Each structure stands twice: as C-alpha cells, then as structure tokens.
Amino acid sequence: MNRTVLFRIFLDSALFVTIINGWWFVAFPLVIIGAWRFYYTIEIVLAGIMYDALFGMVPAVGVWGYAGTITAFGILIILHVLKKVVR
Amino acid sequence: MMYIRTSSRPAERRTRTITIALGSIVALVILLQVFIPHFLPAIFTTIARPFWRMEFSIQSGSLKSPTELLAENEALKIRIQELSTQDASADLLRTQNAELLSVLGRPDLSLTSFNSGSNATGSSTTASSSMSDIRRTYSTLSSAGARMLAAVLVRPPLTGYDELIVDAGADQGVVAGAKVYAPGNILIGTTTDVLGQTSKVTLLSSPGLTYPVLIGANHMPATAVGRGGGQYEAQVPQATKIAQGDSILDASLSDEAFGTVTAVISNPADPFETVLFSPEINVYQLRWVLIDQNNQSQPYLNTQKTVSSVPSTVQTVKSTSTKVKK
C-alpha cells in the first residue's frame, strides 16, 4: 500500500469521525484537502449525504436540511474546475 | 520518447464515468427522499448510534473506578432520601393546589408535571447503570409515565442545525410532534423526526420558528421568535413594563415555564420594544430531556409535509420578521 492510499484512508476515517460527531467545521477543511489532493473524491459527497441524514433532512428547515450534500457537491465541482485551471 | 501509460482508460472516459456515478447518487438520494423519506436517516443513524452511545457512556463516567462508583451510589442514595422528604412537602402543596383549582371551578388543570407522582419514590429508585433502567425508573417517577426520559446524544452548537438527537424513538413509544422538556419542566422543543431508536428534536429556538408565550407578571401575550441556541425574542408594546428577570410562560392552559427575560431593548421612537429571553437551562449542556408521551402526531412534524402545512402554534416566519431590532 503506497502513501497516497494510506493518506486517503486516514482522511476518510477522520472525515467519518467528524461527521458522526457533527463537527462540520472540522470536516470542511478535510473535505477541501481531500478534493484538492485526490481525483474525484466521491466520499466527500457521501459525507455530505451522511451529515444531512444524521442531522438534517427535516422539513421544518426546508432546503437547509440538505446543506451538507449541496456544499459537498459545490466543493467537488469548484475544486475540480480550479485544478484544471491551475494544473 | 516513450511514456508508460498510467491508465488503460482515456481521461475523458473516466471523467464521464465518475460524473455519471455522481449524477446517479444525486438521483438516488432524491428518489429515496421522495418515496422513502426515513431510509437514509435510519441507515446512517444505525451506523452512528453505537458511537454516540459510547461517547455518552464515557461522558457519564462509565469508565470510573468501582470505588468512585460506590461512593457516587451512596451519595445518590442520600440525595434520593433528601428529595423524598422534599417531595412529601410538595405533595401537600399539590393537594392544596388541586383544592384551590376545584374551588375556582377548574379541577381539570391539576399539575401534571414530572415532579408529581411521589408515591413511587421508594425502593424503586435504586441507582442503575443501564440506560433502560434509568429510563424506566424516571418514567415511574414521572406522572404515571406521561413523560419519558431520554439521553441527549448530540446537541448544538457542534451540530449545524439547531436540534438535539435523543436516544428514544418509535420503539420506546415516541411520536412525531411530542413536546420535549428540559429538567425543571421547561419546554424546549418538539420531536420532528422519529426513527426506531433515536429521534430528532427541533428546538423551539431554531431560527424562524415561533411559539406563543406569556411574558411577565401581567402575562403579556407575545410570540416568541427563535434566534438559535436556546435564545428567543419577542415584540411587545412599550408600556408593558417588562423587566429583566421576568418569567416567561408557555401560553397554553398548563402555564409551563418557558424562560426568563435576559434583556429588554427599547427605542423611544418605536412603539414596540424587543424582549430577549432564554430558558433557565443551557441547551448546550443538556444531557437528559423528557419527552411528552401524551402528544398525538401533529401534521407539521410529518416529514412528508411541506413547510406550508405548519400550523399557527409553531411556524416558520419570513426572514424579514426575524431580524433583531437594534
């Protein structure tokens, strides 16, 4: 197992722990690091869905109940475009 | 010069495949939310619940030494004895209250707080380590099991949404729309999403939610508007003489405690003043809550309903009306 794979596993584990505890402010930089470092980090979207499923998806808060999923997609797309421009 | 090809697939094809995969995930999430709204929350809550329970157990001191636990047990037994004595005097007041209410022609308004039911405080209140035992014990202490004790697994401000996740769900008899109280009989929220073993409790202080209350000694009716984190505000006319420290009551017949006035912001040019208030407890430090088991499911709490179906008691308001008056 090379270092990239190990780093990705570590990042995903950290992401899982932060999402479980609802620490979105810790998950946010991890997501950005993951999206920048790796090619198409789909686990970011899964993290967003998981966050919303745990803490959101309540009709009383409307579309804000899906903020995690929307943000994850936004970060993924923005960083994908940014990487194409920069690299 | 020759280069070793790193992948057998061209880059565009791989990008297209991943884009299709992402699109499929979105479509799947939307379809699941439309047709089986509890599917994703149930799956992820099942995964997260053991971690939450473990964290709660550690915070509750499950890893304490046997000596410490025995000492704590002794201290709790002494405390129970003290409370039993106090409860006896509370019984007298309760009886007196019932008599006065019947004299006033309202015998139906007898106290139904969880403080009542002192007859059960005997040997049944032994210190118990298991959550279900504690819940059963507390339900016995409460008014004929009308409220259920639930442990708070996740609370603000760590969660992005102004809500609690508690460890009691449909399996324990919790229904959507049930009122949730903090210890001390303080109304703090309602259950909005009930799963098998857990429930989401939306705090009444969630931004945009409103709730009818009575402010001060004169019971000035007002609408409490949530500001998040257990904080509320309400608009009242200038001449009402509301001061810091005045109590806030729930505007229902039960007159349950709602909070205390923390500040009054008034502007002589404005006919209304803004009353800021919060409950006596700190929602960030809540470890236990009581869930009303008498409530019936309310339409606005059904996850399949839209915000437009919110009744007048708890409803979202337009963002313009939630602005704090400076």
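Of all residues in the stretch B:32-66, those satisfying the criterion of being out of contact with any Ser or Thr (no Cβ under 7 Å at 6 or more places or on another chain) and basic (Lys, Arg) are B:53, B:64. Does residue A:40 meet the test of being closer than 20 Å to residue B:195 by Cα, within 13 Å of the chain's Cα centre (by Cα) and surrounded by 15 or more Cβ atoms within 10 Å (Cβ to Cβ)? No, not satisfied.
Selection of the stretch A:49-72 for residues being farther than 18 Å from residue B:38 by Cα and crowded, with 18+ Cβ neighbours inside 10 Å yields A:71, A:72. Within the stretch B:34-70, the set of residues being surrounded by fewer than 16 Cβ atoms within 10 Å (Cβ to Cβ), within 11 Å of chain A (Cβ to nearest Cβ) and aromatic (Phe, Trp, Tyr) comprises B:39, B:51. Determine whether the stretch B:12-33 contains at least one residue that is at pLDDT below 80 and more than 12 Å from every other protein chain (Cβ to nearest Cβ). Checking the stretch B:12-33: at least one residue is at pLDDT below 80 and more than 12 Å from every other protein chain (Cβ to nearest Cβ). I need the full set of residues from the stretch A:1-22 which are within 10 Å of another protein chain (Cβ to nearest Cβ) and touching a Phe, Trp or Tyr at 6+ places or on another chain (Cβ under 7 Å), in order please. Of everything in the stretch A:1-22, those that are within 10 Å of another protein chain (Cβ to nearest Cβ) and touching a Phe, Trp or Tyr at 6+ places or on another chain (Cβ under 7 Å) turn out to be A:19, A:20, A:22. When residues in the stretch A:23-80 are screened for being part of a loop (DSSP other than H, G, I, E, B), of a type in the set (A, V, I, L, M, F, W, C) and either more than 7 Å from chain B (Cβ to nearest Cβ) or in contact (Cβ under 8 Å) with a residue 12 or more places away in the chain (or both), 1 of them pass. Comparison of A:53, A:14 shows that the only residue that is farther than 23 Å from residue B:162 by Cβ and of a type in the set (Gly, Ala, Ser) is A:14.
Quick check: anything in the stretch B:227-245 in contact with an Asp or Glu (Cβ under 8 Å, 6 or more places away or on another chain), modelled with pLDDT of 85 or more and under 21 Å from residue B:290 (Cα atoms)? Checking the stretch B:227-245: not a single residue is in contact with an Asp or Glu (Cβ under 8 Å, 6 or more places away or on another chain), modelled with pLDDT of 85 or more and under 21 Å from residue B:290 (Cα atoms). On inspection, residue B:239 does not qualify as touching a residue at least 12 places away in the same chain (Cβ under 8 Å) and on the phi < 0 side of the Ramachandran plot. State which residue is farthest from residue B:272 (Cα to Cα) when the search covers only the stretch B:205-236 and only residues that are touching a residue at least 60 places away in the same chain (Cβ under 8 Å) and of a type in the set (Val, Ile, Thr). Selected residue: B:210. Only one residue in B:57, B:116 is modelled with pLDDT under 80 and either among the hydrophobic types (A, V, I, L, M, F, W, C) or within 30 Å of residue B:187 (Cα to Cα) (or both), so which one is that? The unique qualifying residue is B:116. Once the stretch B:161-182 is narrowed to residues that are of a type in the set (A, V, I, L, M, F, W, C) and in a strand (DSSP E or B), the residue that is nearest to the other protein chains (Cβ to nearest Cβ) is B:165.
Using beta carbons and a limit of 9 Å, which pairs, at least six apart or on different chains, have the first residue in the stretch B:273-287 and farther than 16 Å from residue B:241 by Cβ and the second one assigned to a loop (DSSP other than H, G, I, E, B) and of a type in the set (D, E, K, R)? Note: pairs meeting the criteria are B:283/B:155; B:283/B:162; B:284/B:155; B:285/B:155; B:286/B:155; B:287/B:155.
What do you reckon, is residue B:82 of a type in the set (Asp, Glu), surrounded by 12 or more Cβ atoms within 10 Å (Cβ to Cβ) and part of a helix (DSSP H, G or I)? Against the criterion (of a type in the set (Asp, Glu), surrounded by 12 or more Cβ atoms within 10 Å (Cβ to Cβ) and part of a helix (DSSP H, G or I)), residue B:82 does not qualify.
The number of residues in the stretch A:40-87 that are small (Gly, Ala, Ser), in contact with a Ser or Thr (Cβ under 6 Å, 6 or more places away or on another chain) and over 20 Å from residue B:21 (Cα atoms) comes to 1.
Residue A:87 fulfils the conditions (1) over 16 Å from residue B:48 (Cβ atoms); (2) within 8 Å of another protein chain (Cβ to nearest Cβ) except for a single criterion, (2).
The values are calculated or read from the model by the stated rules, or taken from the named source; none is laboratory data. Model, not experiment: these values are computed from the prediction. We place every Cβ from the backbone using ideal geometry, glycine too, and count neighbours over all the protein chains shown.
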